[in-house]
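This report refers to the structure that appears directly beneath it.
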Amino acid sequence: MRLKALQRTMARAVMQPLTSSERMQRTAPDGQAMRRYAERFIKPNDRLTSFERLEIYNRQYWFRLLSSMIEDFPGLRAVLGDRRFDAMCKAYLVDCPSRSFTLRNLGAQLESWLRKHPRWAGPKQPLAVDIARLEWADIEAFDSAAEPVLRPENLGSNPGANLRMKLQPYVRLLDLKYPVDDLLLEVRKEEDEDTDFASNAFQERHKRKRVQAVAKLKPGAIFLAVHRVDDSVYFRRVEREEFTILSALRAGKTLGQAIEAAFKTSKAPVQDRATALQEWFRNWSTLGWFCGGPN
Amino acid sequence: MPANRFNGFTEYGIGIGLRATHYNHILTRKPVCDWFEIISENFMIDGGRPLRILDEILEQYRVVQHGVSMYFGSAEKPNREHLRRLKELVQRTKTPWVSDHLCWGSVDGRYTHDLLPMPYTFEAAKLTAQKVREVRDFLEVPVAVENVSSYAEFHVSEMTEWEFLNEVVERADCGILLDVNNIYVSSQNHSFNPLDYVNSVPAERVAQIHIAGHSKYRRYILDTHDHPVIDPVWKLYERAIQRVGHTATLLEWDDSIPSFQEVHDEALKANKFLSSTLLATAV
């Protein structure tokens, strides 16, 4: 067997999902018995059959990837429950195997996949999509680039409505149907406490609290900026108009276009808008959200 | 060998793997440690805390890069984005050499994130060596390939693992990161004498040595990096040092990680063997 053919043969088996008891499946990807499939390319030894040797890699693959998903999406796990989360991850990883050299990117397709395959999230699909978006934004905000902050002197002499301002790459903007920021913070707090007090009874009690927190969560639209201060990620709720301005600037619109878009359907009293705008821009500048020179 | 062209003519001593659980201790206590090995992929990012910590470490310590997903043995071209980011990191750390594993782990652009064993064939050796050369030429630093622990062997193999390693490094003209724990693990899983392996390695190509602990199961051993180094592995290390001389040595501890001091103390046990080599050289 040539190298590429052997690697394809082995990878197909390694990436095939485990059984419910976390063993290698008895049937190979090509429909034949896995025992025969493994014997075709793997030598047995005096202690392990070809099947058993291949199974070590098959199990390691799934344990490693599922651990990574658990680490990256604790909020989604709390929403779906352990069993549904596990089944959802397996289906996701079959459809979207890693195409990156780093496990950091494993969940990059999860939001779009969940939208296309709502049945894996069950009745909580809209909530699941929201929290998956937030957790992916958190990953992106954590290690995306930070560019030099925009200084007033970079704006030039006539910073008018045609100015295009650039947002820091680490700032992520989300419009969400549920207040999942509170939920995720709650889940993380519980997880930190679980780590400190690792008794089973304690973990069970916290698991129940997580389930209750999810059950209590009611729909409610929020707009969120996921950003970074001193290398820590924060979730900052913003007004609808703030979200529209920031999203428009990110999309390359001019300052004038962004502000116009924000107030087109706004219910904010006209007389308050100038003050609000000043305050928003002051906050964003203080947080260092604008970078580089004007476009 | 100490100071050879495969480790950038450096004379590094005993180091440990840089792990997030030790960041605080390292940055606040500034313990004496000859060098740290980083997992390159953990820092091939655009910004944020990991890079800030790395820069602080670089101000005070020597750092060597070790990768886990170049997959020299995968039958496909190197990932250009991976190479670009790796080179950026090389320029940041000024690592004297980079290492990654003699294994495969991706096919048709899909990654397993595992260190899968090579079939020991001439075709695989040729392709792997070509890829090592490509990576080295792109990065412009010496490259060392590390032998992996394995749990399976292939019918198509035409030689032993150590013959395959020699074939690859000769063809690629690259260095070796000799992992004596991996040799031990594979020797138990495949029933060969680990000394045959250590004795066959071209000593002049060894840039660095890895030591680590593992987990023993009833019918096989797993390379888990979550225990102290066992005596049989120290014996292999002793033999390796006798052959290659005082060589940069790194303890890997990746799971159930104890305190910095415990990990460092475990690594420093290597001094017993390194110092005897120095004495022998002096005599």
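The values are calculated or read from the model by the stated rules, or taken from the named source; none is laboratory data. A quick note: this is a predicted structure, and the numbers were derived from the prediction, not measured. FYI the Cβ positions are ideal-geometry reconstructions off the backbone, even for glycines, and counts take in every protein chain you see.
Please find, within region B:220-251, the residue that is farthest from the chain's Cα centre (by Cα) out of those that are assigned to a loop (DSSP other than H, G, I, E, B) and surrounded by 24 or more Cβ atoms within 10 Å (Cβ to Cβ).
Just the residues of region B:220-251 that are assigned to a loop (DSSP other than H, G, I, E, B), to begin with: B:220, B:223-230, B:245-248.
Now restrict to residues that are surrounded by 24 or more Cβ atoms within 10 Å (Cβ to Cβ): B:247-248.
Values: B:Thr247: 13, B:Ala248: 11 Å.
Per the criteria, the residue is B:Thr247.
Give me a count of the residues in region B:250-269 that are among the polar types (S, T, N, Q) and under 16 Å from B:Arg29 (Cβ atoms). Spell out the reasoning first.
First, the residues of region B:250-269 that are among the polar types (S, T, N, Q): B:256, B:259, B:261.
From what's left, under 16 Å from B:Arg29 (Cβ atoms): B:259, B:261.
Within region B:250-269, residues that are among the polar types (S, T, N, Q) and under 16 Å from B:Arg29 (Cβ atoms) number 2.
Residue by residue, here is whether (1) within 30 Å of B:Phe164 (Cβ to Cβ); (2) within 14 Å of chain A (Cβ to nearest Cβ) holds:
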site: B:Glu37; (1), (2): yes, no
site: B:Asn42; (1), (2): yes, yes
site: B:Asp46; (1), (2): no, yes
site: B:Leu51; (1), (2): no, yes
site: B:Leu54; (1), (2): no, yes
site: B:Val64; (1), (2): yes, no
site: B:Gly67; (1), (2): yes, yes
site: B:Lys77; (1), (2): yes, yes
site: B:Trp97; (1), (2): yes, no
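Which of the numbered conditions does A:Ser20 fail, given that it passes all the others? Conditions: (1) over 28 Å from B:Tyr120 (Cα atoms); (2) in contact (Cβ under 8 Å) with a residue 24 or more places away in the chain.
So A:Ser20 meets the others, but not (2).
Out of region B:111-142, which residues are more than 16 Å from the chain's Cα centre (by Cα), within 9 Å of chain A (Cβ to nearest Cβ) and farther than 12 Å from B:Ala75 by Cα?
Matches in region B:111-142: B:Tyr111, B:Thr112, B:His113, B:Thr121.
Pairs under 7 Å by beta carbon, first residue on the phi < 0 side of the Ramachandran plot and at the interface with another protein chain (Cβ under 7 Å from one of its Cβ atoms) in region A:39-61, partner among the aliphatic types (A, V, I, L, M) and part of a helix (DSSP H, G or I), six or more apart or different chains?
A:Phe41/A:Leu6; A:Phe41/A:Met10; A:Ile42/A:Leu54; A:Leu54/A:Ala13; A:Leu54/A:Ala38; A:Tyr57/A:Val14; A:Tyr61/A:Val14
For region A:93-128, which residues satisfy the criterion of being within 12 Å of the chain's Cα centre (by Cα) and within 14 Å of chain B (Cβ to nearest Cβ)?
A:Arg104, A:Asn105, A:Leu106, A:Gly107, A:Ala108, A:Gln109
From the list A:Glu279, A:Glu260, A:Glu242, which residue is among the acidic types (Asp, Glu) and either in contact with a Phe, Trp or Tyr (Cβ under 6 Å, 6 or more places away or on another chain) or touching a residue at least 40 places away in the same chain (Cβ under 8 Å) (or both)?
Step by step, each of A:Glu279, A:Glu260, A:Glu242 is checked, and only A:Glu242 is among the acidic types (Asp, Glu) and either in contact with a Phe, Trp or Tyr (Cβ under 6 Å, 6 or more places away or on another chain) or touching a residue at least 40 places away in the same chain (Cβ under 8 Å) (or both).
Across region B:33-50, what is the number of residues that are buried (at least 21 other Cβ atoms within 10 Å of the Cβ) and assigned to a helix (DSSP H, G or I)?
The number of residues fulfilling the criteria is 3.
Yes or no: region A:65-74 includes at least one residue that is in a helix (DSSP H, G or I), closer than 26 Å to B:Asp255 by Cβ, among the aromatic types (Phe, Trp, Tyr) and under 28 Å from the mean Cα position of the chain (by Cα).
No, region A:65-74 has no match at all.
Any residue at all in region B:6-17 that is touching a helix residue (DSSP H, G or I) at 6+ places or on another chain (Cβ under 7 Å), over 30 Å from B:Gly245 (Cβ atoms), surrounded by 20 or more Cβ atoms within 10 Å (Cβ to Cβ) and of a type outside the set (Asp, Glu)?
no
How many residues does region B:188-213 hold that are of a type in the set (S, T, N, Q) and surrounded by 21 or more Cβ atoms within 10 Å (Cβ to Cβ)?
Here is the first cut: in region B:188-213, the ones of a type in the set (S, T, N, Q) are B:188-189, B:191, B:193, B:199-200, B:208.
Subset that is surrounded by 21 or more Cβ atoms within 10 Å (Cβ to Cβ): B:189, B:208.
Number of matching residues: 2.
Please verify whether B:Asn193 is out of contact with any helix residue (DSSP H, G or I) (no Cβ under 8 Å at 6 or more places or on another chain) and of a type outside the set (Asp, Glu), treating the condition exactly as stated.
Working: out of contact with any helix residue (DSSP H, G or I) (no Cβ under 8 Å at 6 or more places or on another chain): no; of a type outside the set (Asp, Glu): yes.
It is false that B:Asn193 is out of contact with any helix residue (DSSP H, G or I) (no Cβ under 8 Å at 6 or more places or on another chain) and of a type outside the set (Asp, Glu).
Filter region A:1-38 down to the residues that are within 11 Å of another protein chain (Cβ to nearest Cβ), part of a loop (DSSP other than H, G, I, E, B) and closer than 23 Å to A:Ser98 by Cα and list them by number.
A:Met15
Which of the residues that make up region A:222-233 are at negative phi and either within 19 Å of the chain's Cα centre (by Cα) or at pLDDT below 95 (or both)?
A:Ile222, A:Phe223, A:Leu224, A:Ala225, A:Val226, A:His227, A:Arg228, A:Ser232, A:Val233
Select, from B:Glu266, B:Glu252, the only residue that is more than 14 Å from chain A (Cβ to nearest Cβ) and touching a helix residue (DSSP H, G or I) at 6+ places or on another chain (Cβ under 9 Å). Spell out the reasoning first.
Details: B:Glu266 fails: touching a helix residue (DSSP H, G or I) at 6+ places or on another chain (Cβ under 9 Å).
When all the criteria are applied, what remains is B:Glu252.
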